[in-house]
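Right, one structure below, let's go through it.
The values are calculated or read from the model by the stated rules, or taken from the named source; none is laboratory data. Please read these numbers as outputs of a predicted model, since none were measured by experiment. Note that each Cβ is placed from the backbone with ideal geometry, even for glycine, and that neighbours are counted across all protein chains shown.
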Amino acid sequence: MLTATPAARNSIETQPASVVFEWLWLLPFAAALYYPWALLWSNQAHVAGAGSLVTVGWMLTAYAVPLTAFVCVYVTGAQPLISGRLVLARRLACLAVAVPPAFTLLGVLLYLMKIYGHDIAVWSGLWLALTGYFTMHSSTRPIINFPTSNNAYRRLRVAHGISSLAIMLVFLAPHLFNHLLGVFGADVHRTVMDVLRVVYRNAILEPIIILAFFFQLLSGLVLIRPKTISRADLLDALQTASGAYLTLFIASHINSVFTLARYFGTETDYRWAVGDPVGLVADAWSIRLLPHYSLAVFFLIAHLACGMRVVMRNHHVRPAVYGASTWTAIIIGGLVTAVITAGMLGARV
Ligand code: HEM
C-alpha cells in the first residue's frame, strides 16, 4: 500500500507517555491466550447441540481477540506524546491482531510435524514466552527517530502499492469473486476456479504471483516500522493492523495451499476450504479457519481502501471525498466478507 505521510505528521515528541498505555499490549496478549479456548467452546457447543446462540456467542468472543488488539493499536497510536515503549506496545498489539492466522499457521506446522492435539499447549507456551520476553526487555525500546521521508522509503511505498494493484487485478479480485460464488454451491465455485486456474496456475504466472506476494509481505514488514512511530488516526491504525494480519495470513495461507495440500496431493477446491462434509464449525481443528478466512477478506479490502486514501490525500483530493470513498470501500468489504463467510458456513442461494 502507498503509505506516504507528510513530514509534518511524522514529527514526534519523544516524551514519556502514560505508563498504562505503554503496558496496554498485555491486554491483547492475554486475549491471545484465550483465543483457542473460545474456538474450542464454540465447537463443543455446536457438537453438543447447545443451540446456535451459544455457538455464535463463543465464536464472537474469538473475534473479540483481534478486535481488542486493534483497539490497542488505535489507542497507542492516538496518544499525543510518543515514546519508545509506546511504539513497542503498538507493534505488539499489531502482532496480536494477527492471532487468527498465527493459530492456523501453528496448527498446520504441528500437523506437518505429526504433533497432534497439543495446539493449545504449544500456543500458550509461545505467548507466555513472548510475554515474559517483552516484559523483561520492554526497556530495550525501538528507535523512533526513524528516517521516514527518505527516497528509498518513498520508492518502496510506491512499489508496494503498484505491486498490490497488480496482484489484485491478476489474482485476488478473481480469487475473491470465486469465493463469493460459494453461495451458489461447490460445483459453481469449481467451474469458475477451473477457468481461473488456467491463468494463475500457468507455469510462468504462478511463480510471479507468489514472488509478488512475498514482495508484499517483506516490503510491508519494512514499511510498518515508520508507520508505527507516528501518530495515527483510526484509518491509519486500520491500515497498519490489517497489514500485520495479512502478513501472517499470506504466509499461513500459502503454506497451507502449497506445503500441506499440494505436497500431499490434496485437491484444494471449495470443499477442501470449507471442510466438507463435516463443516468448519463442527470440526475441532477447522473451526479456526472461520475467523482466519473471514477477517482476511475484510482486512484485505480495508487495507486497500486505506492505501487508496493515502494516495488520494497525497494527490490533494478533498478530505470529504477521500474520507467518503474510503468508508464506502470498507463497508463494501464488510458486505463481501459477510457473503463469503455465509457461503463457507453452508448458506446457499
Ligand atoms: C475466504 C477467503 C479465502 C479462501 C477460502 C481461500 C482459499 C483458497 C484456495 C482453496 C486456494 C487453492 C486454489 C487452487 O487450488 O487453485 C487458494 C489459493 C491461494 N490463495 Fe486463497 N483463499 C482466501 C483468501 C485469500 C486471500 C485474502 C489471499 C491473499 C491475501 C489469498 C491468497 C492465495 C494465494 C496466493 C493462493 C495460491 C494461488 C496459486 O495456486 O498460485 N487467498 N486460496
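A few remarks follow.
- Test result for F134, part of a helix (DSSP H, G or I) and modelled with pLDDT under 95: yes
- Residue in region 157-207 that is nearest to the ligand (Cβ to nearest atom), counting only those that are of a type in the set (F, W, Y) and within 19 Å of L246 (Cα to Cα): F171
- Within region 258-271, considering residues that are hydrophobic (A, V, I, L, M, F, W, C) and over 21 Å from the mean Cα position of the chain (by Cα), the one nearest to the ligand (Cβ to nearest atom): A261
- Checked against (1) modelled with pLDDT of 95 or more; (2) of a type in the set (K, R); (3) touching a helix residue (DSSP H, G or I) at 6+ places or on another chain (Cβ under 7 Å), R231 passes all but a single condition, namely (1).
- Within region 242-257, the set of residues being within 9 Å of the ligand (Cβ to nearest atom) and touching a residue at least 40 places away in the same chain (Cβ under 8 Å) comprises L246, F249, H253, I254, S256.
- Restricting region 169-184 to residues that are surrounded by fewer than 15 Cβ atoms within 10 Å (Cβ to Cβ) and either in contact with a Cys (Cβ under 9 Å, 6 or more places away or on another chain) or aromatic (F, W, Y) (or both), the residue that is farthest from A347 (Cα to Cα): F177
- Count of region 252-297 residues which are under 25 Å from E206 (Cα atoms), of a type outside the set (S, T, Y) and assigned to a helix (DSSP H, G or I): 16
- Region 61-104, residues that are part of a helix (DSSP H, G or I), among the small types (G, A, S) and surrounded by fewer than 24 Cβ atoms within 10 Å (Cβ to Cβ): A64, A78, G84, A102
- Condition check for D269: closer than 23 Å to C72 by Cα, surrounded by fewer than 19 Cβ atoms within 10 Å (Cβ to Cβ) and not hydrophobic (A, V, I, L, M, F, W, C): no
- Only one of the listed residues (T328, T337) is hydroxyl-bearing (S, T, Y) and within 11 Å of the ligand (Cβ to nearest atom). That residue is T337.
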